[in-house]
Number of protein chains: 4
Amino acid sequence: MDGFSFSTEVRVRFAETDAQGIAHHASFVVYLEVARVAYLEAHAGGYQSIRDRGIEALTTEVSVKYHRAAYFDERLTVWTRCTGFRGARFRYEYRIERDGELVAEGHTSHATVDRETYRPVRVPEWLAEAVARAEAPAA
Amino acid sequence: MDGFSFSTEVRVRFAETDAQGIAHHASFVVYLEVARVAYLEAHAGGYQSIRDRGIEALTTEVSVKYHRAAYFDERLTVWTRCTGFRGARFRYEYRIERDGELVAEGHTSHATVDRETYRPVRVPEWLAEAVARAEAPAA
Amino acid sequence: MDGFSFSTEVRVRFAETDAQGIAHHASFVVYLEVARVAYLEAHAGGYQSIRDRGIEALTTEVSVKYHRAAYFDERLTVWTRCTGFRGARFRYEYRIERDGELVAEGHTSHATVDRETYRPVRVPEWLAEAVARAEAPAA
Amino acid sequence: MDGFSFSTEVRVRFAETDAQGIAHHASFVVYLEVARVAYLEAHAGGYQSIRDRGIEALTTEVSVKYHRAAYFDERLTVWTRCTGFRGARFRYEYRIERDGELVAEGHTSHATVDRETYRPVRVPEWLAEAVARAEAPAA
């Protein structure tokens with residue numbers, strides 16, 4: 001995908017469908033989270049390793065545009081990139097496809113906080129660097 | 001609430017919390033849906049009555065900004081207004097509060113489709129009128 | 001309801017329905033939890049007050065029999081009783097009805113643990129007594 | 001696993017955890033469904049292929065015993081077997097493990113119905129045979 005170098009796959013669960021016969025729109029918000037967790041596992045030792053260092057990443061914004069319905073048991077590809085580290089804040093962008101066709105797109109914003117005090121802490125250097133490496137344009 | 005004349009209440013379920021000890025951000029997307037259903041019940045005979053006339057309202061966009069965490073068993077007030085009917089499209093705006101304090105705000109966009117063909121159909125006149133009455137500024 | 005003196009009401013959310021057009025069976029497990037929380041609020045100061053005293057109630061068993069499907073927006077009555085306190089264990093029984101018709105029935109088992117150590121602790125006396133009062137047969 | 005020849009893997013999503021810091025007990029009910037879908041895909045052409053033939057499998061009973069807590073991002077192995085076809089009814093048994101350690105076990109019961117009329121229909125011969133082959137003891 002243009003501008004995206006990482007993707008993960010989710011499969012629509014029956015429990016995630018609704019009485020319209022499609023994947024419920026709230027399920028996509030969970031798919032984005034699954035993609036972030038996979039992204040961090042691939043690039044920064046995993047979200048749990050971040051939590052283990054006493055940091056939580058709060059979600060401060062979620063935005064999804066739905067272009068096509070998704071159906072039970074379909075495999076969706078969630079293209080994911082992390083952008084815009086600034087102090088205690090960062091942002092992800094997503095593009096969800098099925099067989100190359102755009103199903104949904106969105107972005108989320110996050111703030112890193114100390115796990116005990118819930119006060120903002122800067123995104124750790126090692127995490128910012130791991131993401132910068134992941135998102136560096138191929139030479 | 002300034003600009004809002006309708007609200008409904010949700011209470012954070014334990015199943016909706018996450019390992020950060022707060023209501024998971026995807027739960028709010030469901031709260032917005034609960035609020036839309038309550039809004040339609042108050043103003044337009046209920047969402048089911050719309051479905052019964054062969055119309056589905058698809059969600060085409062969801063956007064939520066999270067200002068404060070919400071916790072298990074808290075009562076949240078979801079202020080809701082319907083705006084911008086245009087052909088087969090309409091939009092809701094929301095403001096979620098706890099004891100008058102802003103917890104989250106957001107908006108959703110929807111498209112009305114024929115239940116069988118899933119092709120766009122104009123928002124029915126009676127529905128547009130019911131909403132217009134609901135949102136009319138008090139004299 | 002015969003043998004039950006407490007009930008609470010839930011309403012089937014659209015997000016809880018599935019592509020069979022009915023409330024997904026896992027949603028009922030959440031309804032039982034909502035009912036337990038309401039039960040404890042009515043009889044023992046609320047689940048949060050139990051958590052505030054350093055106790056968590058883990059769920060050790062869930063069993064549900066589904067007799068009839070439930071549909072979007074329906075109001076379900078969840079009859080709930082707490083039985084069988086024994087040391088660190090207790091049990092709930094449930095009967096879910098719609099307009100007096102049996103929709104589902106079930107039971108759950110729980111164990112009380114210390115919130116820090118997660119080791120079993122006896123159900124506190126005041127809680128056992130509150131439940132005993134709640135379940136005492138009317139004279 | 002003794003008596004089980006099929007397993008699938010699920011990974012605990014953050015959205016599935018709760019404020020006890022563990023995978024919420026209702027999430028396991030969804031894991032069992034994910035396992036059934038994987039089982040049918042491996043042995044009988046997939047659940048969707050069954051739905052495509054006009055048959056729905058309703059869940060009539062769910063029972064889970066929780067032995068150990070599961071945590072965010074853990075990989076769980078869901079051992080699954082299908083037993084006891086009888087007319088329009090069948091049953092699954094499950095054993096959920098983490099690194100060979102028992103986390104939970106359970107069973108579900110199902111009834112096959114006609115998709116339009118929702119009246120019971122016998123489990124189709126080809127499906128019963130596919131399952132019988134899958135569960136046949138190795139020679």
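The values are calculated or read from the model by the stated rules, or taken from the named source; none is laboratory data. Since the structure is predicted, the reported quantities are computational estimates derived from the model, not experimental observations. Glycine gets a Cβ as well: all are built from the backbone with ideal geometry, and neighbour counts include every protein chain shown. The area values use the complete protein model at the heavy-atom level, side chains included, leaving out ligands, DNA and RNA. Shrake-Rupley method; radii C 1.70, N 1.55, O 1.52, S 1.80 Å.
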Under 16 Å from the mean Cα position of the chain (by Cα) and over 24 Å from D:Phe28 (Cβ atoms): does that describe C:Thr77?
yes
Could you please give the count of residues in region B:6-21 that are open to solvent by 20 Å² or more (accessible area, probe 1.4 Å) and either within 15 Å of B:Glu97 (Cα to Cα) or among the hydroxyl-bearing types (Ser, Thr, Tyr) (or both)?
5
Has region C:104-127 got any residue that is within 30 Å of B:Ala38 (Cβ to Cβ), hydrophobic (A, V, I, L, M, F, W, C), in contact with a strand residue (DSSP E or B) (Cβ under 7 Å, 6 or more places away or on another chain) and in contact (Cβ under 8 Å) with a residue 24 or more places away in the chain?
yes
Among the numbered criteria (1) on the phi > 0 side of the Ramachandran plot; (2) away from chain B (no Cβ under 14 Å); (3) out of contact with any helix residue (DSSP H, G or I) (no Cβ under 7 Å at 6 or more places or on another chain), which one does D:Gly21 miss?
(2)
Residue that is most open to solvent (accessible area, probe 1.4 Å), among those in region D:83-131 that are part of a strand (DSSP E or B) and of a type in the set (Phe, Trp, Tyr)
D:Phe85
Have a look at A:Leu40, A:Leu76 and point out the one that is part of a strand (DSSP E or B), of a type outside the set (Phe, Trp, Tyr) and either in contact (Cβ under 8 Å) with a residue 24 or more places away in the chain or in contact with a helix residue (DSSP H, G or I) (Cβ under 9 Å, 6 or more places away or on another chain) (or both).
A:Leu76
Please work out if C:Glu74 is at pLDDT 95 or above and within 14 Å of chain A (Cβ to nearest Cβ).
yes
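Kindly establish whether B:Val34 is within 14 Å of chain D (Cβ to nearest Cβ), within 22 Å of C:Leu32 (Cβ to Cβ), β-branched (Val, Ile, Thr) and open to solvent by 10 Å² or more (accessible area, probe 1.4 Å).
Considered against the rule, which asks whether it is within 14 Å of chain D (Cβ to nearest Cβ), within 22 Å of C:Leu32 (Cβ to Cβ), β-branched (Val, Ile, Thr) and open to solvent by 10 Å² or more (accessible area, probe 1.4 Å), B:Val34 comes out as no.
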Does any residue of region B:94-107 turn out to be more than 25 Å from A:Thr108 (Cβ to Cβ) and among the aliphatic types (A, V, I, L, M)?
no
Filtering region B:41-60 down to residues that are more than 12 Å from chain A (Cβ to nearest Cβ), open to solvent by less than 20 Å² (accessible area, probe 1.4 Å) and within 16 Å of C:Val12 (Cβ to Cβ) yields B:Gly46
